Amino acid sequence: MIKDVVSYLDYSLCANISLVIFMVVFVAVTLRTLLVRKDSMNQNASIVLEEGNKVN
């Protein structure tokens, strides 16, 4: 019975949905990366060089 159900499934819909999800996430990450402020980026880049903020 399970073989019959699985044989009738159409996986093209799953492939299309996963492609759309990937594209949305990719565009969101790209936009977030490109639109970040330069002073915020410089502040985050210098966190490692500060001696007062040690993480244990």
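Structure summary
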| read-out | value |
| --- | --- |
| Structure-derived log10 I(q)/I(0) by the Debye sum over Cα atoms at q = 0.14, 0.20, 0.30 Å⁻¹: which label, when the choices are (i) -0.34, -0.70, -1.42; (ii) -0.36, -0.68, -1.24; (iii) -0.66, -0.86, -1.08 | (iii) |
| Cα long-axis angle, helix 12-34 against the chain (0 to 90 degrees, to the nearest 10) | 10 degrees |
| Per residue, in Å², the accessible surface of the chain once ligands and nucleic acids are set aside, probe 1.4 Å | 105 Å² |
| By accessible area with a 1.4 Å probe, ligands and nucleic acids excluded, highest first: order of Ile2, Ile17 | Ile2, Ile17 |
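The values are calculated or read from the model by the stated rules, or taken from the named source; none is laboratory data. Please read all numbers here as calculations on a predicted model, not as lab measurements. Accessible surface areas use protein heavy atoms only, side chains included; no ligands, DNA or RNA. Shrake-Rupley method; radii C 1.70, N 1.55, O 1.52, S 1.80 Å.
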